[in-house]
1. So Ala157 fits all but one of (1) over 25 Å from Phe70 (Cβ atoms); (2) touching a residue at least 40 places away in the same chain (Cβ under 8 Å); what number is the exception?
2. Keeping to the stretch 59-94, report how many residues are farther than 27 Å from Ser254 by Cα and within 14 Å of ligand 1 (Cβ to nearest atom).
3. Which condition number does Val275 fail, the rest of (1) open to solvent by 10 Å² or more (accessible area, probe 1.4 Å); (2) in contact with a strand residue (DSSP E or B) (Cβ under 6 Å, 6 or more places away or on another chain) being met?
4. Looking only at the stretch 354-374, count how many residues are under 18 Å from the mean Cα position of the chain (by Cα) and more than 21 Å from Leu124 (Cα to Cα).
5. Counting only residues that are buried (at least 23 other Cβ atoms within 10 Å of the Cβ) and of a type in the set (S, T, N, Q), which one in the stretch 301-332 is farthest from ligand 1 (Cβ to nearest atom)?
6. So in the stretch 14-42, with the set limited to residues that are in a strand (DSSP E or B) and surrounded by fewer than 16 Cβ atoms within 10 Å (Cβ to Cβ), which one is nearest to ligand 2 (Cβ to nearest atom)?
7. Within the stretch 350-382, work out how many residues are open to solvent by 40 Å² or more (accessible area, probe 1.4 Å) and either in contact (Cβ under 8 Å) with a residue 40 or more places away in the chain or among the hydroxyl-bearing types (Ser, Thr, Tyr) (or both).
8. What pairs can you find where one residue is in the stretch 74-102 and assigned to a strand (DSSP E or B), the other is open to solvent by 10 Å² or more (accessible area, probe 1.4 Å), and their Cβ atoms are less than 7 Å apart, with a gap of 6+ or different chains?
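The values are calculated or read from the model by the stated rules, or taken from the named source; none is laboratory data. What you are looking at is a predicted structure, and each value in this text was computed from that prediction instead of being measured. Glycine also receives a Cβ, built like all others from the backbone with ideal geometry; neighbour counts cover every protein chain displayed. Keep in mind that these areas ignore ligands, DNA and RNA; they rest on the heavy atoms of the full protein, side chains included. Shrake-Rupley method; radii C 1.70, N 1.55, O 1.52, S 1.80 Å.
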Amino acid sequence: MTQRPSPTAALEGLILPKLEHIDLVTVKLPFVAPFGTSVYTWTDKEAMLMRLESGGVTAWSECVSDPDPFYFYETNDTARHIIKDFLLPLVEPGIALGELEARFRRVRGHGMAKATIENGLLILIALQGGVPLHELLGRPAKKIMSGLSIGLKETPADLVAAVERAVAKKYHRVKMKIKKGQDFEWVRAVRDRFPDLRLMVDANGDYALSDIAHLRELDAFNLMMIEQPLSYSDIYEHSLLQKELKTAICLDESIHGLADAAAAIALGACRIINVKQGRVGGLLESMRIASFCAGRGVDVWSGGMDETGIGRAVNIHLQTAEGFTLPGDTSETSNYFDEDIADPPVVLEPDGFIEVPGGPGLGVTVVAERILMRAIRWDRLR
Ligand code: OSB
Ligand code: MG
């Protein structure tokens, strides 16, 4: 295999600026509708934001953890603890970002906490340099594909109605959540109505290998993929399942970094990977995984964590990187919130694409009054 150039070499050389102030601000925003999955139903977004102040410039980043450990082991409280007591003491002005990553490696796991700091620093450096984040990442702007993740619904009719709304908006693909006992008939209801729709399902780990005969029945629906059918911590059993399925498996929860992606691909555990920048420890690791997969013909897309406008903008900039070949879980702000904390909201163009926000940094404005209105906790760390 030929050696591909590292997508992150230049980024690893970026020098960290001095930070005058560091705050963690937890905000709570009601969702327009509850979001149901096989593991939990969320009714609001409780997001921990990081505010960095440096030389008169303010940068905001978002920790993608939830207050609970039902999707992932990190929570807002564990992330605050790890950031405050273990990661921030390693952040020093004048060192390179690559050196910071090396220091962070001593802390095992806690990628969402690490990503909050790394992304915040990148956004800050982009703002100070007057360039959009995607440009700092070395990537030209491009139109981003859209995708909607539809939660578990009360009835198949409700689900079909939600899919109809997504199709009308020209979303490039639709994902529906499934769980044991709420799968085959529900997928069939959607397929009957939309035979050609780019459709996929996400089980969030609800099945076991012993469900193999049942899962094989989903092969009848020409799905783009089935996301994380088996345990959140498994790679090996997915490799056994993938051999028995026509439908591609996509791993989400199991992939915490490049090494997991490499193991999953080597084992044939999946043909597609969902990269959530927070879950894998930040933008640099995300780019490494996507480039690695691109070199091996494995499709990658950006997942989402129902983020506020800050995290949503990060995911949009990331998708300009090499290797993001499929539509991700990047949908309109109005799918989540009546009023977000950042402007402008994400909207789909008539052809379903999303424009990367222009302007320095994330290209979105964090509205201070809305942060103050929604804040439920504020910690000044420096
Ligand atoms: O499994 O991809 C998932 C949201 C929260 C936790 C886990 C998942 C999701 C989504 C929604 O599917 C993605 C989004 O719309 O941001
Ligand atoms: Mg998922």
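1. Here Ala157 meets the rest and fails (2).
2. Count: 0.
3. Result: Val275 fails condition (1) only.
4. Total satisfying the criteria: 2.
5. Step by step, filter the stretch 301-332, then rank; the result is Gln319.
6. Thr41
7. 14
8. Note: pairs meeting the criteria are Thr75/Asp66; Thr75/Pro67; Thr75/Asp68; Thr75/Pro69; Ala96/Glu12; Ala96/Gly13; Ala96/Leu14; Ala96/Ile15.
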